[in-house]
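Below is one structure, written out as structure tokens; comments come after it.
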Amino acid sequence: MPDDYPWLPGSARFPLADLGELAARLGSPVTFDRRGEVLWYDIGNRGVAPYAVGGSGEGNEVYVDCAYTLHGGYDLIMVAGSDDERYSDLSKMLSNIVLQHMGLEVAFALFSPNDFFLIRAMFFDGSQQHRGSIKVNGSEQTLCYEDEDGNYVPLLSGIKFDDPYGVTHHIKLVMDFETGYYVRLLFDDYIFSLADIQEHKSIAADIPQYRLELCQRGRLEYNDTAALFHVIVTGNEP
């Protein structure tokens, strides 16, 4: 049964128009970390339709492709612009989300040593933005989290993230938006407890919502490219 079925345990529910949760469990994009209840997922088969798409610089684009895939027949290619602010990005908003431990899992590949690939989870309460961010820095070969002051603090260094043949990385960030702290980060074979790290807060009048953002920022004069294989949002994380 899908996780939102009436008599299953769990304090946070998210309505589904179809059996998307059942498809997520049996269709198996949830292979990296099975904890939590799937609230929303995407494996590229709908193209960019589920997202708001942005970008800056010559050649920036996001498009659906089938050359590199993980779960199905499609992936999303994010191409950073070669000048100006040099990025492409995707964002997705979910409403009616209960404050809880929220997970954001992303499977991706970097084809060149970009400036950075950013994974960001945000909760808006009507007056403030609460956020946790992870930055995969291809050029500096560092994995960083954003602290409460908006600075990026290294967790790993000396890691070559990019590969011209598209080696897949899995990352999952879990945030506790009720208390205002990170919970944990999983990156490939690494597990980090971030339970003592506070989220970053800023003033924002957006309507209450959960929002995820994925941003590929490239190097000057390069159209650095990343492939996005799946995005999974979970709730009721331990």
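List the lysines whose Cα lies under 26 Å from the Cα of Lys92, skipping any in the same chain that are fewer than 8 positions away.
Within the straight-line cut-off, Lys92 pairs with Lys135, Lys172, Lys201.
Counting Lys +1, Arg +1, Asp -1, Glu -1, what net charge surrounds Ser82 among other residues with beta carbon under 9 Å of its beta carbon?
Its environment carries a net charge of -3.
Have a look at Glu221, Glu61, Glu213 and tell me which one the Gaussian network model of the chain (Cα, springs below 10 Å) gives the largest fluctuation.
Greatest mean-square fluctuation among the candidates belongs to Glu221.
Let me see the pair-distance distribution of the chain: every alpha carbon pair, 5 Å bin width, integer percents in order.
1, 7, 14, 19, 20, 18, 13, 6, 2, 0, 0, 0
For Lys160, list the aspartates and glutamates whose Cα falls under 14 Å from its own Cα; do not include residues on the same chain fewer than 8 positions away.
Candidates past the 8-residue exclusion: Asp115, Glu140, Asp188.
With only Lys, Arg, Asp and Glu charged, each at its Cβ (+1 for the first two, -1 for the last two), find how big the charge dipole of the chain is about the Cα centre; round to the nearest 20 debye.
Around 480 debye, computed over the chain.
May I ask for the net charge around Leu99, where only other residues with Cβ less than 10 Å from the Cβ of Leu99 are counted and Lys, Arg are +1 while Asp, Glu are -1?
Residues near Leu99 contribute -3 overall.
For the chain, what relative contact order do you get, as a whole percent, if you take Cα pairs closer than 8 Å and at least 6 residues apart?
29 percent
Based on the mean of other Cβ atoms within 10 Å per residue, sort peptides 190-201, 102-113 so the most packed one is first.
In descending order of packing, they fall as 102-113, 190-201.
Using the Cα centre of the stretch 126-181 as origin and beta-carbon charges of +1 (Lys, Arg) and -1 (Asp, Glu), tell me which of Gly132, Val153, His169 is placed farthest towards the positive end of the dipole.
Value computed over the given set: His169.
Per DSSP H run of n ≥ 4, the term is -39500 (n - 2.57); total these for the chain, divide by its residue number, and report the mean residue ellipticity at 222 nm rounded to 500 deg cm²/dmol.
For the chain, the value works out to -1000 deg cm²/dmol.
Quick note: the coordinates plus some simple rules give every number you see, no bench work behind them. All of these numbers come straight from a predicted model, not from anything done at the bench. Reconstructed Cβ throughout: ideal geometry from the backbone, glycine too, with neighbour counts over all protein chains shown.
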